[in-house]
Amino acid sequence: MSSPEIQATSASSASFRVGDWLVDPAAGQISKAGRAVKLEPKVMDVLAYLAVRQGELVTREELERDVWKGAVVGYDSITTAIIKLRKALTDDARQPRYIATIPKRGYRLIAEVREHAAEPASETSVGAADWAWSRTSGSRLSRWILWALVLTLLLGLAFVFYRSKQAQDANAPASSPPSIVVLPFTNLTGDSDHASFVDGMTDDMITDLSRLSGLQAIAANTSFTYQGRRVEPQELRAELNVDFVLDGSVRRHGDLLRINARLVDARTGFQKWAARYDRPTSQVFEVQDEVTQSIVEALALRISDQEKQRLAQRSTDNLKAYDAFLEGQALSKLGTDESNQRAQLAYLRAIELDPSYGRAYGALAFTMAVAFRRGWTDAPLETMARALDLAKRGVALDDSIPQTYWALGYVYLMRKELEQAESAAMRSITVAPNYADGYGLLALINNNLGRPQKAIEQINKGVQLNPYYTWDYPYNLGRAYYTLGRYAEAISALEKALERNENAAPIQLFLIASYVQAGRVDDAEWQAEELQMVNPEETISHTDNAIPIADPGLKQAFLDDLRAAGVPE
């Protein structure tokens with residue numbers, strides 16, 4: 001098929017063939033021999049773009065320009081899309097039949113691309129259907145009797161389920177705390193530069209509410225999955241099992257701020273409380289405090305004196321420092337060496353603007369620990385010594401929020417000081433009983449301490465608070481199953497984690513080890529090659545230094561599994 005024809009096909013979402021695979025853009029899937037594989041929209045776009053230019057070299061710059069439309073993306077985004085395509089097409093990066101990598105230049109689709117003509121319905125099959133209908137038409141009465149019996153059975157089951165549900169509701173603990181989800185506030189400023197400011201406000205309000213033991217607050221990761229979506233309160237109740245929804249909007253114009261907020265009963269959809277705030281931008285922190293206090297009053301929550309003191313303590317009153325901190329948060333999420341360095345500079349700027357900004361110290365310590373974990377530093381010992389000093393300083397300046405304790409716990413973990421790491425992580429959930437990431441970190445620590453069953457319990461608690469959990473949760477679940485020798489379950493959990501983050505080396509490492517133990521050596525070797533493509537620094541020696549497994553026997557068994565798959569020394 002020529003390029004213009006492919007372009008027309010892609011534009012109309014019509015199907016076409018790549019090698020043995022039928023590509024259906026409209027359905028978002030490829031299929032072969034009765035097996036269908038779903039592709040993410042961006043991955044499908046990459047496949048269609050390569051098909052248009054079949055046999056030609058396509059550079060990374062061209063993919064960024066034409067598929068990502070010039071959007072700023074992490075360096076690994078294109079690599080990840082290619083990895084997903086190869087996996088879906090069952091292609092081999094060493095001996096490709098579909099996509100060849102041209103080192104330091106780009107990619108080439110080498111498989112044949114052709115049109116797909118829809119096959120006409122078979123007259124034989126139509127005739128067979130008519131014959132089958134004629135055979136059954138003589139027994140319509142018995143068929144109706146059968147349907148009546150099925151309907152009776154279904155009604156009986158529905159009644160049993162209804163009575164069972166009533167009994168469950170009756171036996172439910174009366175003291176269960178109400179639950180709330182804070183939806184991302186809408187940025188009405190019309191300027192994308194203010195998006196991180198609005199998102200930061202939302203995140204801060206979630207943190208404030210998570211510190212209340214009498215209220216169960218859904219984690220920020222889950223809340224932000226609803227960004228840009230219009231969702232009815234009753235839908236959120238069905239999806240998240242929450243009682244209340246807090247949402248609103250922010251308009252920032254120069255030094256003026258208008259914030260609208262409302263609290264809605266998720267059962268009825270009725271508004272329980274609403275307010276509008278017209279304030280100077282410098283008073284954004286006071287507005288956040290007032291919103292939290294209004295929710296406490298509207299829900300008649302009882303809060304302890306200690307909780308009142310924590311809520312009264314604000315991380316910073318310096319708006320410029322706050323903006324710099326939010327810039328660092330956005331950069332750190334990109335997950336590259338360059339973005340990590342830029343995030344550190346942003347956090348340092350926040351600290352310069354407000355030397356008492358405890359959360360900025362903790363965030364800076366975390367990025368340095370990440371640099372150590374990923375092999376992005378030439379001075380690992382000095383980096384971790386500095387990270388520990390910063391994390392301790394963060395807690396000393398602000399012990400009222402869970403994030404500073406969490407950062408300290410993560411730094412201790414990377415330093416292989418596991419008891420101190422566990423103590424800090426426990427403090428994070430003492431400060432904020434609904435802090436899902438605290439449970440996630442405790443699961444990671446207990447996996448390294450060789451306590452897989454305890455890790456599973458903590459993951460289950462984290463998932464309850466964060467239904468749209470990040471890759472860390474199934475990763476830790478998979479690690480626990482690997483330690484327990486339940487390799488099929490480990491593979492299932494780790495593959496789910498990999499779907500959420502194709503570039504996370506820890507997932508790939510434990511998936512490789514699980515494949516080896518399950519006897520799937522080919523899969524292990526393939527995954528090891530993919531690991532080297534995306535994370536070439538992940539060698540046996542680096543993993544030995546970076547992953548703090550306490551039990552020498554467990555660590556040696558893990559490293560031996562990696563060696564068996566071909567991970568280089």
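Points to keep in mind about this one:
- From the alpha carbon centroid of region 439-453 to that of region 486-562 is 17 Å.
- Measure of compaction for region 176-216 (Cα Rg per 2.2 N^0.38 Å): 1.41
- At 1.306 mPa s and 10 °C, Stokes D of region 317-433 from Kirkwood alpha-carbon radius, µm² per second: 115
- Sorting the segments 412-422, 216-226 by their residues' average number of neighbouring beta-carbon atoms within 10 angstrom, most packed first, yields 216-226, 412-422.
- Per-residue Cβ neighbour rank within 10 angstrom, fewest leading, 426, 368: 426, 368
- Residue exposure sequence - 102, 83 - by fewest surrounding Cβ within 10 Å: 102, 83
- Each residue in 59, 470 was given a count of other beta-carbon atoms within 10 angstrom of its own, and listing them fewest first yields 59, 470.
- Amide hydrogen neighbours beyond the local backbone of residue 468, cut-off 5 Å, H modeled: 222
- Kirkwood hydrodynamic radius over Cα pairs of region 179-312, then Stokes diffusion coefficient at 37 °C and 0.692 mPa s, in µm²/s: 218
- Expressed in Å, the radius of gyration and Dmax of the Cα atoms of region 434-569 are 13.9, 42.
- Nitroxide proxy distance, nm - points 7 Å out along Cα→Cβ at residue 33 and residue 61: 4.1
Bear in mind these aren't lab numbers, they're just calculated from the coordinates by the rules spelled out. As the structure is a prediction and not an experimental result, all values here were calculated from the model. Here Cβ is always computed from backbone atoms with ideal geometry, including for glycine, and neighbour counts include all displayed protein chains.
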